[in-house]
Amino acid sequence: MIFVKNLHKSFGKLEVLKGIDCHVHEKEVVVVIGPSGSGKSTFLRCLNKLEEPTSGEIIVDGIPLNSEVNVNAIRREVGMVFQRFNLFPHMTAIQNIVLAPEVVRKTNKEEARKIGLELLAKVGLYDKADEYPDRLSGGQQQRVAIARALAMKPKIMLFDETTSALDPEMVGEVLAVMKDLAREGMTMVVVTHEMGFAREVGDRVIFMDEGIIMEEGEPNEVFANPKNPRTKVFLSKIL
Amino acid sequence: MNWHVVVDNMPILAKGALLTLELTAGAVAIGVVIGLFMALARLSKHKVVRAGAIAYIDFFRGTPLLVQIFLVYFGIPMLLKWQTMPDNYQYTAGILAMGLNSGAYIAEIFRAGIQSIDRGQSEAARSLGMTQAQALRYVILPQAFKRTIPPLGNEFIALLKDSSLLSIIAIQELFYTGKIIVGRTYQPLPMYMAVALYYLVMTQLIAQWVAYMERRLGKNDLR
Ligand SMILES: Nc1ncnc2c1ncn2[C@@H]1O[C@H](COP(=O)(O)OP(=O)(O)OP(=O)(O)O)[C@@H](O)[C@H]1O
Ligand SMILES: [Mg+2]
């Protein structure tokens, strides 16, 4: 589903990704962990071309992400959820959700609304359809953001620390939605510090540090017996 | 002082004031369109497009409006090799000159508004597969526009006042009308006070309208 080979990314002189190789299978849930500044977000953002890789090869759903490819075509298939929600503040929850299907997929209004309401029901916010984001809690906003990404019927979902900006009591409701998605067979790449989530739904965990993949494997295995000393240090800090 | 002069000439002044409003409205319409394009060009990733916008903005902000009015007024007939000037040409030239000028200021207002929108907004839009243009149209500009209302209001007020410069090409707007009456009546103080009052009323009206728009749209500003 996602194939990454020798991915490099530099911001000016700062080399953030130093050769990432990684393969995500269909319906797989890959959890990416690592210290702050290790390049997790940059890696994720390369996968839907929010960042232009400096070099390397990325193939998503059979389409190579070279510079000729229509990036919008890729982004339609790859949903992304951000740490800071990034809901459109001038639109209600349902308007946030139907916008992209309407303007990008040219779905007609009734159909888009119907799908939008179904998605809101799925994330438990059917009755909040007509609320503006500033009237929703952080957890609710993030669930709307997930519904918004799903409305494009993506084949892959990227989550970048989607619960880090939330008050602790709201983390669970967002993780629950993500777990449902994983169970339904969505292909997911999830950057998170929620080790419980990684254990429960992660098929594989990738530990990134200083722009490379230091270690990867089955979550319980990696958490119980980290092979790389840096993984050990990192895990001892957060577990 | 002869206040009768003012009272007698109120209707003529009102006619001048109306023309002032019309000239300003025309210039605003041109200025907003140019301003939007220049702001987008100014933010373009293409160097040449950006440089063009910067040159335009610098020129119209860095030279006097009075000079620009003359450049347009005399320049167009020369460039188009007209033998005589068409009737009412001065209105077209006047509105165009003011529109070109305000386009530069409005471009900067729009640019600041667009840049004030969090980058996450366009990233979210782009991550949903929207093109740059769609992201602008549906996500960025609606939010940016609200924030530009107060500075836009200021620009409209400045433009209305500056339209008095058009008297130099014999457009009978408010100031020109006042000057003519003074020439006839030799009552400069009361007449120019009346002219000032007319300007004040009009600028106040714009300010009120802007405040109203701000309140109306401001209600969902946090949204
Ligand atoms: N647009 C950018 N321009 C310059 N430097 C950047 C840019 N984006 C990220 N960086 C730098 O790249 C490095 C990696 O950033 P990145 O956000 O990928 O890390 P991260 O692993 O996601 O960290 P965190 O856990 O804090 O989110 C950091 O040093 C950061 O300052
Ligand atoms: Mg990050």
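The values are calculated or read from the model by the stated rules, or taken from the named source; none is laboratory data. Bear in mind that the values here come from a model prediction, so they are computed numbers and not experimental data. All Cβ positions, glycine included, derive from the backbone under ideal geometry; neighbour counts span all protein chains shown. For the accessible areas, the whole protein counts, side chains as well, though only heavy atoms, and no ligand, DNA or RNA atoms are used. Shrake-Rupley method; radii C 1.70, N 1.55, O 1.52, S 1.80 Å.
Dimensions of chain A from C-alpha coordinates, computed as largest minus smallest value along each principal axis and given longest first, are 53, 44, 32 Å.
Number of Lys-Lys pairs in the stretch B:3-218 with C-alpha atoms under 28 Å apart and a separation of 8 or more places or on different chains: 5.
Shape analysis of the stretch B:1-74 places it in the prolate category; the axes a ≥ b ≥ c from the Cα gyration tensor give an a/c of at least 1.5, with a/b above b/c. Applying D = kT/(6 pi eta Rh) to the stretch A:1-41, where Rh is the Kirkwood radius over alpha-carbon pairs, T corresponds to 4 °C and eta to 1.567 mPa s, the Stokes-Einstein value obtained is 112 µm²/s.
Partner aspartates and glutamates whose Cα lies under 17 Å from the Cα of A:Lys9, excluding those fewer than 8 positions away in the same chain, are identified as A:Asp21, A:Glu51, A:Glu52, A:Glu57, A:Asp209, A:Glu210.
Charged side chains reduced to their Cβ positions (Lys and Arg at +1, Asp and Glu at -1) give the stretch B:3-218 a dipole of some 660 debye around its Cα centre. Treating each Cα of the stretch B:3-218 as an identical point scatterer and summing with the Debye formula, the log10 of I(q)/I(0) at q = 0.16 Å⁻¹ comes to -1.09. Taking every C-alpha pair closer than 8 Å and separated by at least 6 residues, the mean separation divided by the residue count of the stretch A:116-239 gives a relative contact order of 18 percent. Taking a ≥ b ≥ c as the square roots of the eigenvalues of the Cα gyration tensor, the stretch A:98-216 is prolate, since a/c reaches 1.5 or more and a/b is larger than b/c. Peptides B:70-82, A:175-187, ordered by how many other C-beta atoms sit within 10 Å of their residues on average, highest first, read A:175-187, B:70-82.
Note on A:Lys122: lysines with a C-alpha under 24 Å away, same-chain residues under 8 apart excluded, are A:Lys27, A:Lys106, A:Lys109, A:Lys114, A:Lys153, A:Lys155, A:Lys179.
The coefficient of translational diffusion for the stretch A:1-130, derived via Stokes-Einstein from the alpha carbon Kirkwood radius under 10 °C and 1.306 mPa s, stands at 94 µm²/s. Per residue of peptide A:131-137, the mean number of Cβ atoms on other chains within 10 Å of the residue Cβ is 2. Computed per residue of chain B from DSSP H runs no shorter than four, each worth -39500 (n - 2.57), the mean residue ellipticity at 222 nm is -27000 deg cm²/dmol.
In chain A, Cα pairs under 8 Å separated by at least six residues give a relative contact order of 27 percent. Per-residue shielding of A:88-98, expressed as the average number of other chain Cβ atoms within 10 Å of the residue Cβ, stands at 4. Solvent-accessible surface (1.4 Å probe) assigned to A:Arg135 amounts to roughly 150 Å². Annotation for the stretch B:129-223: chymotrypsin sites (Phe, Trp or Tyr not before Pro) lying in DSSP loop with at most 16 further Cβ atoms inside 10 Å of their Cβ are B:Tyr186.
With helices as the sole contributors, chain A gives -11500 deg cm²/dmol at 222 nm; each DSSP H run of n ≥ 4 counts as -39500 (n - 2.57), and the sum is divided by every residue.
Per residue, the solvent-accessible area of the protein assembly as shown (1.4 Å probe, heavy atoms of protein chains only, all protein chains present) comes to 48 Å².
Mean projected area of the Cα convex hull of the protein assembly as shown, taken over all directions, amounts to 29.1 nm². Fraction of C-alpha pairs exceeding 15 angstrom in the stretch B:135-213: 65 percent, rounded to a whole number. Per the Debye formula on identical point scatterers at the alpha carbon atoms of the stretch B:88-144, with no solvent, log10 I(q)/I(0) at q = 0.21, 0.23, 0.25 Å⁻¹ is -0.76, -0.83, -0.91.
For the stretch B:3-218, the relative contact order is 32 percent, taking Cα pairs closer than 8 Å that sit 6 or more residues apart in sequence and dividing their mean separation by the residue count. A simple spin-label model places pseudo-atoms 7 Å from Cα toward Cβ; at B:Ala29 and A:Asn228 they are separated by 6.4 nm. Surface composition of the stretch B:3-218: carbon and sulfur atoms hold 67% of the protein heavy-atom accessible area at a 1.4 Å probe. Among beta bridges from DSSP that stay inside the protein assembly as shown, the antiparallel ones total about 55%.
Based on alpha carbons, the Rg and Dmax found for the stretch A:72-123 are 11.4, 30 Å. Using Cα centres only, tell me the gap between the stretch B:30-107 and the stretch A:78-141 in whole Å. Measuring centre to centre over Cα atoms gives 42 Å.
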